[in-house]
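Working notes, structure below.
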């Protein structure tokens, strides 16, 4: 997989995680553990995207 393809896949994963976070947050009683786990995963994906962008420049 090329770096650009990996970056594109990470962007999709980041967007999907954002939607899951929003969905969980909209529930009447959001699960704080789930929200924390999703936010940490989203941050890891973002850091990986930034690392790849740096390599592509």
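What the table shows:
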{"quantity": "Selected residue [in contact with a helix residue (DSSP H, G or I) (Cβ under 8 Å, 6 or more places away or on another chain) and in a helix (DSSP H, G or I)] from 52, 43", "calculated": "52"}
{"quantity": "Residue 52 being modelled with pLDDT under 95, more than 12 Å from the chain's Cα centre (by Cα) and surrounded by 13 or more Cβ atoms within 10 Å (Cβ to Cβ)", "calculated": "yes"}
{"quantity": "Condition broken by residue 39, with the remaining ones in (1) over 14 Å from the mean Cα position of the chain (by Cα); (2) at pLDDT 95 or above satisfied", "calculated": "(1)"}
{"quantity": "Members of segment 9-24 found to be surrounded by 13 or more Cβ atoms within 10 Å (Cβ to Cβ) and more than 12 Å from the chain's Cα centre (by Cα), listed by number", "calculated": "24"}
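The values are calculated or read from the model by the stated rules, or taken from the named source; none is laboratory data. None of the values given here were measured: they were computed from a predicted structure. Heads up, the Cβs are rebuilt from the backbone with ideal geometry, glycines too, and the neighbour counts pull from every protein chain shown.
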